[in-house]
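The values are calculated or read from the model by the stated rules, or taken from the named source; none is laboratory data. Please read all numbers here as calculations on a predicted model, not as lab measurements. All Cβ positions, even for glycine, are placed from backbone atoms using ideal geometry, and neighbour counts span all protein chains on display. Just so you know, the surface numbers come from the protein's heavy atoms only, side chains and all, with ligands and any DNA or RNA stripped out. Shrake-Rupley method; radii C 1.70, N 1.55, O 1.52, S 1.80 Å.
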Amino acid sequence: MRQPFSPRSREACTVNSADIQDQLQKELGTTYAIERELGGGGMSRVFVADEAALGRKVVIKVLRPELAEALSAERFKREVRLAARLQHPHIVPLLAAGEIGGGVLFYTMPFVEGESLRARLAREGGLPVSDVVRVLCDVAGALAYAHRAGVVHRDVKPENILLSEGGAVVADFGIAKAISASRETDGDGDSRRSSTLTAVGTSLGTPAYMSPEQVTADVVDHRADLYALGVVAYEMLAGRPPFDGRTAQQLLAAHAVETPEPITRRRAAVPTALGALIMQLLEKNPADRVQSAGELRRALDALPVGNLRAEEPVATPAGSQRVTSSGALPRAADPGVLTASAARPARRVTAWVLFGATTALAGAALGATLFPRLRGPEAPRRPVVAAIAPPTGQELRPDGGLALSPDGARLAFVAADRNGATAVWVRALDSLSARRFDGTDGGSGPFWSPDGASLGYFAGGQLRVVDLRGGARRALCPAPRPGGGAWTRDGVIVYSPDIQGAPLFKVSAAGGPCAPLTRFRPGEFIHHRPSALPDGRHVLFSGGTTFS
């Protein structure tokens with residue numbers, strides 16, 4: 001039987017908090033160079049470091065020694081590795097976990113330039129309704145993806161929602177599960193460990209955002225995250241949470257039994273439908289809430305205020321910068337030229353992918369009608385079936401990307417089976433049937449070759465290409481957290497290998513070296529979503545900068 005307090009646990013108790021940074025740097029060696037401490041919350045101290053291999057910044061969170069002593073280090077690191085599989089544009093991925101000599105645990109994630117939702121709320125109070133809807137859509141998308149993977153966050157709050165040029169991203173996914181799964185429950189030390197975890201607000205969550213079932217230690221599932229997001233939404237609109245100004249114990253009691261004041265009473269300008277949706281998220285009984293994050297996102301898209309999201313840029317704090325980079329894409333025969341085309345600030349696109357594809361189809365048809373003289377020889381007329389329905393037994397994954405072929409005749413999209421396994425499908429627009437391409441398991445972000453004979457896509461942490469006629473596939477370059485790709489007429493593929501901090505790269509579609517294409521200017525932190533322009537030598541992409 002495991003002893004209640006192992007030697008590792010006793011050593012953890014003796015770690016001097018002031019020495020943690022020095023010990024951490026010694027443990028990291030030359031892999032990371034700690035730059036500064038950001039502070040931290042109840043359960044961790046937070047440091048920013050430079051990662052030597054990739055030349056990017058990362059965040060290192062060190063668990064408090066009194067928390068680490070209650071955990072199995074190996075189990076914690078194993079759970080973090082599992083959580084690191086979550087890869088989504090609105091989730092800050094976990095990278096790794098480790099242990100400082102003496103039993104103190106830490107984990108790493110990419111550094112996101114911007115600010116937390118907490119910082120913006122502290123500065124501005126209530127936010128514009130359109131900004132609230134944007135943040136909710138981004139977070140709902142992240143939750144929907146994580147919940148399908150069986151991961152419940154359990155601590156959704158403004159501190160864990162980060163605002164950047166690319167929209168809102170959610171941090172610390174999987175950490176609550178890792179800590180809960182790593183608790184040692186043998187022997188007489190159990191009460192001590194439970195007390196420690198409760199004190200730091202990790203096992204149960206944060207009192208101001210805890211669901212009633214968390215408060216009462218009832219069965220907790222994904223709907224607890226939806227309740228917490230309802231509290232966050234309430235705070236974004238009202239400028240304060242529904243049960244503010246109370247002690248931790250009073251907050252727990254209020255979440256368990258007290259009905260919050262309707263949000264429309266605190267802020268009359270909140271649209272009735274949005275207010276009703278938020279109050280439904282705050283229902284005490286999980287069965288009375290919106291039942292999934294995907295359902296929530298669809299409800300948000302259906303709101304009248306949703307139209308604002310198609311036109312307005314993501315709100316940024318005063319003093320933020322937006323950068324445009326310009327140049328030309330190198331031809332395949334001249335790989336040494338480092339040029340790229342104009343970029344716009346990063347914006348959230350996931351919820352509008354289907355809308356964009358439908359608009360492209362409508363625009364092509366309208367152009368052919370209004371400007372017949374600009375066309376070449378009369379193209380054969382074909383019927384177009386405009387409905388975009390998933391194949392039988394599949395679920396559409398618009399956040400996985402879709403792409404219209406250069407001739408406008410076929411649509412590539414991502415769908416998932418009942419087990420959540422994704423693949424790339426292609427459907428001719430004059431048919432209702434679609435074909436799943438073998439070997440594209442786990443695929444996302446499809447994009448077409450200029451001749452429409454091949455598809456580029458991302459799967460298994462790599463940029464890949466599939467020949468649609470013969471089915472031949474090949475892997476080209478590493479892409480652990482891809483941010484989109486484009487295939488130019490000159491046979492060069494431009495792609496984002498890591499949406500969390502790498503510039504654009506380029507590679508010949510026939511294979512060859514994978515080389516950087518763009519360089520970050522001072523303050524920039526993201527280049528992604530490339531799109532090839534008609535001249536074959538320029539690429540449009542999205543860029544984001546640090547907030548000043």
Qualifying residue in the range 115-124 (condition: at pLDDT 90 or above, part of a helix (DSSP H, G or I), open to solvent by less than 10 Å² (accessible area, probe 1.4 Å) and not β-branched (Val, Ile, Thr)): yes
Just give me the residues in the range 146-173 being hydrophobic (A, V, I, L, M, F, W, C), open to solvent by less than 10 Å² (accessible area, probe 1.4 Å) and assigned to a loop (DSSP other than H, G, I, E, B), in sequence order. Val156, Ala171, Phe173
Going through the range 474-483 one residue at a time, which ones are open to solvent by 20 Å² or more (accessible area, probe 1.4 Å) and out of contact with any Lys or Arg (no Cβ under 6 Å at 6 or more places or on another chain)? Arg474, Leu476, Pro478, Pro480, Arg481, Pro482
Report the residue count in the range 431-444 for those that are part of a strand (DSSP E or B), touching a residue at least 24 places away in the same chain (Cβ under 8 Å) and over 19 Å from His88 (Cα atoms). 2
For Ala486: the one exception among (1) over 23 Å from Leu94 (Cα atoms); (2) surrounded by fewer than 20 Cβ atoms within 10 Å (Cβ to Cβ): (2)
If Lys506 meets every condition in (1) surrounded by 14 or more Cβ atoms within 10 Å (Cβ to Cβ); (2) of a type in the set (D, E, K, R); (3) part of a loop (DSSP other than H, G, I, E, B) apart from one, which number is that one? (3)
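Does at least one position in the range 96-113 carry a residue that is part of a helix (DSSP H, G or I) and either touching a strand residue (DSSP E or B) at 6+ places or on another chain (Cβ under 8 Å) or within 30 Å of Val270 (Cα to Cα) (or both)? First the steps, then the outcome.
So the first thing to find is which residues in the range 96-113 are part of a helix (DSSP H, G or I), and the list is none.
Checked the range 96-113: no residue is part of a helix (DSSP H, G or I) and either touching a strand residue (DSSP E or B) at 6+ places or on another chain (Cβ under 8 Å) or within 30 Å of Val270 (Cα to Cα) (or both).
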Flag if His222 is surrounded by 19 or more Cβ atoms within 10 Å (Cβ to Cβ) and over 25 Å from the mean Cα position of the chain (by Cα): no
Output yes when any residue across the range 48-60 is modelled with pLDDT under 80 and within 28 Å of Val135 (Cα to Cα), and no when none is. yes
Need pairs with beta-carbon distance below 9 Å; first residue under 13 Å from Lys57 (Cβ atoms) and surrounded by 12 or more Cβ atoms within 10 Å (Cβ to Cβ) and within the range 25-37, second at pLDDT 75 or above and of a type in the set (Gly, Ala, Ser); sequence gap 6+ or separate chains. Tyr32/Ala49; Ala33/Ala49; Ile34/Ala49; Glu35/Ala49
Leu252 fails exactly one of (1) of a type outside the set (Val, Ile, Thr); (2) surrounded by 19 or more Cβ atoms within 10 Å (Cβ to Cβ); (3) in a loop (DSSP other than H, G, I, E, B), namely (3)
Exactly one of Asp451, Asp441 is of a type in the set (Asp, Glu) and either in contact with a Leu (Cβ under 7 Å, 6 or more places away or on another chain) or within 21 Å of Gly483 (Cα to Cα) (or both), and that residue is Asp441
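Anything in the range 409-438 that is more than 25 Å from the chain's Cα centre (by Cα) and among the small types (Gly, Ala, Ser)? List them, or say none.
From the range 409-438, those more than 25 Å from the chain's Cα centre (by Cα) are 409-410, 426-438; that's our starting set.
Hits for the range 409-438 are Ala409, Ala428, Ser431, Ser433, Ala434.
Can you find a residue that is under 28 Å from Pro304 (Cβ atoms) and open to solvent by 20 Å² or more (accessible area, probe 1.4 Å) anywhere in the range 97-104? Reasoning before the result, please.
Within the range 97-104, the first condition is being under 28 Å from Pro304 (Cβ atoms), and the residues that meet it are none.
Within the range 97-104, not a single residue is under 28 Å from Pro304 (Cβ atoms) and open to solvent by 20 Å² or more (accessible area, probe 1.4 Å).
One line per residue, one yes/no per condition, for (1) part of a strand (DSSP E or B); (2) on the phi > 0 side of the Ramachandran plot:
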position: Pro446; (1), (2): yes, no
position: Pro450; (1), (2): no, no
position: Arg474; (1), (2): yes, no
position: Cys477; (1), (2): yes, no
position: Gly512; (1), (2): no, yes
position: Phe525; (1), (2): yes, no
position: Gly536; (1), (2): no, yes
position: Leu540; (1), (2): yes, no
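From the list Gly501, Gly470, exactly one residue is part of a loop (DSSP other than H, G, I, E, B), open to solvent by 10 Å² or more (accessible area, probe 1.4 Å) and touching a residue at least 24 places away in the same chain (Cβ under 8 Å). Which is it?
From the options Gly501, Gly470, the qualifying one is Gly501.
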Output the number of the condition that Arg521 fails; it satisfies all remaining conditions of (1) charged (D, E, K, R); (2) over 23 Å from the mean Cα position of the chain (by Cα); (3) open to solvent by 30 Å² or more (accessible area, probe 1.4 Å); (4) farther than 24 Å from Gly167 by Cβ. (4)
